[in-house]
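J.: Sending over a structure as structure tokens; questions will come in a sec.
The values are calculated or read from the model by the stated rules, or taken from the named source; none is laboratory data. Being a predicted model, the structure only gives us computed values, none of them experimental. Neighbour counts run over all protein chains shown; Cβ positions are idealised from the backbone, glycine included.
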Amino acid sequence: MIRVALQMLVGDRLKYLGLIVGIAFASLLISQQASILVGLAHQTGSFVRDTSHADLWVMDSEVRFSQDSLSLSDNTLLRVRGIEGVQWAVPLYQGFLKAKLPDGTRMTAIVIGLDDATLIGGPPEMVQGSLADLRQDKAVIVDYNALESKFMMKRSGGRPIRVGDNLSINDQDARLVGTYRASQSFFWEPVIYTTYSRALQYAPRERKLMTYVMVKLKPDADVAKVAASIEAATGLKARTNDEFIALTRDYILKETGILINFGLAVGLGFIVGTLIAGQMLYNFTLDNLRHYGALKAMGAGNGTLVIMNLIQALTVGVLGYGIGLGLGSLLGQLVASAGLAFRMPWQVPVLCGVAILIICLIASALSITRVLKLEPAIVFKGG
Amino acid sequence: MSPATALKSPANAASGDTASNGIAIDCKGVTKHYGSGSSRVTALRGIDLDVRFGELMMLVGPSGCGKTTLISVIAGILDRDEGQCKVFGVDFNTMSAGQKTSFRGANVGFVFQAFNLLPTLTAEENAAIPLMILGESRGSAIKRSRDMLARVGLGDRGRSLPSQLSGGQQQRVAIARALVHNPRLIVCDEPTSALDHETGHKVMELMREIAVGPDRTLVIVTHDARIFEFADRIAKLDDGMVQSISNGKNVTSNAAK
């Protein structure tokens, strides 16, 4: 009878396609929005992920996310270096500073200052020049992928800045000596790398300027114990890379409303899918009520009819899920290549599949209720 | 042994108090109401009726007289409120819903006014449905349905969809479906009303030829006086009661009015 159920379903082409399209739309909406949410959440940790030379990040106890530049006193570095289990510790500056391109185009940029001696904390991949070029006079490097957008000189005909161009940061000279490639960041501001000492020259005068201390542990050191020791000794916060990424992600998702917005979009996909699939499946059942009645009269039990109905719902569910997920992935590839956030780990298809399964069960529950209440005597009421 | 298989056996059926007398269907004082309170309508008012093995019984009467309700009670798809109705010695009202369903699947064949063929299934698939409901494999069921379609003259149309068949051919498929599992009771609801006179006549000839047998009983609800000649007996109903029972050959077209 399963084949009969499928033939009933496939035979009504319009409703069959309508059901698949409805569920595919829900699947597309749920998978795509969930993937964008995951992509955005992933991007919030790109800075920490790209700067993963260290085992621990030491920061002000009130830091809420990776771009929350709260300063530390200079002696923090020495205190951290003195804690047992620490192999080395280097300073990192991060601040939002005013920058001006050669043609006068102005912007606010995130300036990151790397330890002068080691350049630890630098970007993962250089495209033009080398990281050591930062040791040249007034040297800075910028994101290669941002040349055509964030570092475009709009006042002089739209040319991006090039290696060798002079720019200024907080009215002080800087010279582009290279470009790097980093992960797409959640934060819009362009990122400029330089050395720690030069970054302090660019930064406005403040009593405390160091943003982070990056800590590498000795091979046999216990990360949790060292982190606790640092926190106890300095009163600061010490976090591993994963913890810092999670801290940043959770803060941004909660405070920006992204979670609610994308959650609503996913919920909307679920509701729309349920309504479309439910209504069309119910209409399909109503259209076939006489046939279900005939089957019931001929000896098909309620169990058989329930299975037939579930098979029909699950068939359109599986097809719609696959098509929606495929389209979602395709669209995701397109937006991802354009630099937008899209990430589809295995959990997204699983979540989407569970949602579609629930949609199918809710939709078929309406139809099944109707079929179970159906009196087989309906078949003798003419027609 | 399930009720359906138990009752399918002629030996078991013959042991029933009605079956042993050659009576396949024995209804006494069958009453059926619809609705409740002020909107309550009585469809059957103490119907007494018996149908014998090998007999083709027609139920006739004006619209609303209760003939569809009575055939529904006889077929076990509607519960009566009062009285007694035994089919092959078994009272449906003593069965659970599942037992009734199984009984119908094994013992009752249906022919409907609107054919009720599944439009997306071929003729042979439609005719095979009762066998598949009984759990027979698709391959075996299709093979048997082809044989049955050949018996109703549609051996070459098994792969056709209902929409590719004429009304008469569709009703032949419905008859094949009603007979394919060799049921002992066949109930037909207005089997010729959607057909022209000539086709209706041919369908009834076919029913007489292949559906009627010593171990089988046919009950047909009809308005179509042109087919009364095919009945062994005709029960005329009016206002929920049996007005008369007569020999099919002696009934005029007025009986249906």
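J.: Exactly one condition in (1) within 9 Å of chain A (Cβ to nearest Cβ); (2) part of a loop (DSSP other than H, G, I, E, B); (3) touching a strand residue (DSSP E or B) at 6+ places or on another chain (Cβ under 7 Å) is false for B:P191; which is it?
T.: Status for B:P191: all satisfied but (1).
J.: Please determine whether any residue of region A:7-20 is acidic (D, E) and within 14 Å of another protein chain (Cβ to nearest Cβ).
T.: yes
J.: Then there is this: Every residue in region B:181-206 that is within 24 Å of B:S140 (Cα to Cα) and touching a helix residue (DSSP H, G or I) at 6+ places or on another chain (Cβ under 8 Å), please.
T.: Of everything in region B:181-206, those that are within 24 Å of B:S140 (Cα to Cα) and touching a helix residue (DSSP H, G or I) at 6+ places or on another chain (Cβ under 8 Å) turn out to be B:H181, B:P183, B:R184, B:L185, B:I186.
J.: When you go through A:G278, A:G301 one by one, which is the residue that is farther than 17 Å from A:C352 by Cβ, more than 14 Å from chain B (Cβ to nearest Cβ) and not charged (D, E, K, R)?
T.: A:G278
J.: Can I ask one more? Which of the numbered conditions does A:I245 fail, given that it passes all the others? Conditions: (1) in the same structural domain as A:D103 (by TED's automatic domain parsing); (2) under 28 Å from A:D74 (Cα atoms).
T.: (1)
J.: For the list (1) surrounded by 17 or more Cβ atoms within 10 Å (Cβ to Cβ); (2) at pLDDT 90 or above; (3) within 14 Å of another protein chain (Cβ to nearest Cβ), I need the number of the one condition that B:R146 fails.
T.: With (1) surrounded by 17 or more Cβ atoms within 10 Å (Cβ to Cβ); (2) at pLDDT 90 or above; (3) within 14 Å of another protein chain (Cβ to nearest Cβ) applied to B:R146, the lone miss is (3).
J.: Being within 14 Å of chain B (Cβ to nearest Cβ), outside any helix (DSSP H, G or I) and in contact with a Ser or Thr (Cβ under 8 Å, 6 or more places away or on another chain) is the filter here; which residues of region A:326-381 pass it?
T.: A:K381
J.: Right, B:A141: touching a strand residue (DSSP E or B) at 6+ places or on another chain (Cβ under 7 Å), within 11 Å of another protein chain (Cβ to nearest Cβ), of a type in the set (A, V, I, L, M, F, W, C) and buried (at least 21 other Cβ atoms within 10 Å of the Cβ) or not?
T.: No; evaluated as a whole, the condition is false for this residue.
J.: Which of the residues belonging to region B:107-134 are under 16 Å from the mean Cα position of the chain (by Cα), more than 7 Å from every other protein chain (Cβ to nearest Cβ) and within 14 Å of B:L179 (Cβ to Cβ)?
T.: Across region B:107-134, the qualifying residues are B:N107, B:V108, B:G109, B:V111, B:A127.
J.: Can A:G269 be described as buried (at least 19 other Cβ atoms within 10 Å of the Cβ) and closer than 30 Å to A:L37 by Cβ?
T.: For A:G269, the condition - buried (at least 19 other Cβ atoms within 10 Å of the Cβ) and closer than 30 Å to A:L37 by Cβ - is met.
Let's see how each residue does on (1) within 31 Å of the chain's Cα centre (by Cα); (2) closer than 30 Å to B:V108 by Cα; (3) crowded, with 23+ Cβ neighbours inside 10 Å; (4) not aliphatic (A, V, I, L, M):
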position	(1), (2), (3), (4)
A:L200	no, no, no, no
A:P219	no, no, no, yes
A:V226	yes, no, no, no
A:A232	no, no, no, no
A:G235	no, no, no, yes
A:E243	yes, no, no, yes
A:D250	yes, no, no, yes
A:L286	no, yes, no, no
A:A294	no, yes, yes, no
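J.: So which residues in region A:10-19 are surrounded by fewer than 24 Cβ atoms within 10 Å (Cβ to Cβ) and not charged (D, E, K, R)?
T.: First, the residues of region A:10-19 that are surrounded by fewer than 24 Cβ atoms within 10 Å (Cβ to Cβ): A:10-18.
A:V10, A:G11, A:L14, A:Y16, A:L17, A:G18 - these are the residues of region A:10-19 that are surrounded by fewer than 24 Cβ atoms within 10 Å (Cβ to Cβ) and not charged (D, E, K, R).
J.: Right, another one. Would you be able to tell me the number of residues in region B:79-100 that are facing another protein chain (nearest Cβ under 10 Å) and surrounded by fewer than 21 Cβ atoms within 10 Å (Cβ to Cβ)?
T.: Result for region B:79-100: 3.
J.: Within region A:161-182, which residues are under 30 Å from A:R343 (Cα atoms) and surrounded by fewer than 17 Cβ atoms within 10 Å (Cβ to Cβ)?
T.: The one that is under 30 Å from A:R343 (Cα atoms) and surrounded by fewer than 17 Cβ atoms within 10 Å (Cβ to Cβ): A:R181.
J.: Out of curiosity, is B:A178 within 11 Å of another protein chain (Cβ to nearest Cβ), surrounded by fewer than 21 Cβ atoms within 10 Å (Cβ to Cβ), touching a Gly at 6+ places or on another chain (Cβ under 6 Å) and under 26 Å from A:D287 (Cα atoms)?
T.: Working: within 11 Å of another protein chain (Cβ to nearest Cβ): yes; surrounded by fewer than 21 Cβ atoms within 10 Å (Cβ to Cβ): no; touching a Gly at 6+ places or on another chain (Cβ under 6 Å): yes; under 26 Å from A:D287 (Cα atoms): yes.
Against the criterion (within 11 Å of another protein chain (Cβ to nearest Cβ), surrounded by fewer than 21 Cβ atoms within 10 Å (Cβ to Cβ), touching a Gly at 6+ places or on another chain (Cβ under 6 Å) and under 26 Å from A:D287 (Cα atoms)), B:A178 does not qualify.
J.: Please count how many residues of region B:44-75 are part of a loop (DSSP other than H, G, I, E, B) and either more than 14 Å from chain A (Cβ to nearest Cβ) or within 19 Å of B:F228 (Cα to Cα) (or both).
T.: Residues in region B:44-75 being part of a loop (DSSP other than H, G, I, E, B) and either more than 14 Å from chain A (Cβ to nearest Cβ) or within 19 Å of B:F228 (Cα to Cα) (or both): 8 in total.
J.: Quick check: anything in region B:152-173 over 17 Å from B:A127 (Cβ atoms) and either assigned to a loop (DSSP other than H, G, I, E, B) or free of Cβ contacts under 8 Å to residues at least 40 places away in the same chain (or both)? If you could, list the steps in order and put the result at the bottom.
T.: As a first pass, look at region B:152-173 and keep what is over 17 Å from B:A127 (Cβ atoms): none.
No, there is no match, as no residue in region B:152-173 is over 17 Å from B:A127 (Cβ atoms) and either assigned to a loop (DSSP other than H, G, I, E, B) or free of Cβ contacts under 8 Å to residues at least 40 places away in the same chain (or both).
J.: Right, here's the next one. Of the conditions (1) closer than 28 Å to B:A194 by Cβ; (2) within 11 Å of chain B (Cβ to nearest Cβ), A:N283 satisfies every one except a single condition; which number is it?
T.: Of the numbered conditions (1) closer than 28 Å to B:A194 by Cβ; (2) within 11 Å of chain B (Cβ to nearest Cβ), the odd one out for A:N283 is (2).
J.: Tell me whether region A:329-351 contains one or more residues that are of a type in the set (A, V, I, L, M), modelled with pLDDT of 90 or more and within 19 Å of A:T285 (Cβ to Cβ).
T.: no
J.: Looking at region A:94-105, I want the residues that are among the hydroxyl-bearing types (S, T, Y) and have a partner that is part of a strand (DSSP E or B) with Cβ atoms under 6 Å, at least 6 apart or on another chain. Which pairs are those?
T.: Within 6 Å, the pairs are A:T105/A:M153.
Table: residues versus (1) of a type in the set (A, V, I, L, M, F, W, C); (2) in contact (Cβ under 8 Å) with a residue 40 or more places away in the chain.
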| residue | (1), (2) |
| --- | --- |
| A:S185 | no, yes |
| A:E189 | no, yes |
| A:T194 | no, yes |
| A:Q201 | no, no |
| A:R205 | no, no |
| A:K218 | no, yes |
| A:D222 | no, yes |
| A:V226 | yes, yes |
| A:S229 | no, yes |
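J.: For region A:192-303, please list each of the helices (runs of 4 or more DSSP H) lying entirely inside it that holds at least 1 residues being acidic (D, E) and over 30 Å from B:L131 (Cα atoms).
T.: Qualifying helices (runs of 4 or more DSSP H): A:223-234, A:241-256.
J.: Which pairs turn up if I take residues in region B:184-200 that are over 24 Å from B:V73 (Cα atoms) and look for partners that are modelled with pLDDT under 80 and aliphatic (A, V, I, L, M) with beta carbon separation below 7 Å, at least 6 apart in sequence or on another chain?
T.: B:L195/B:V203
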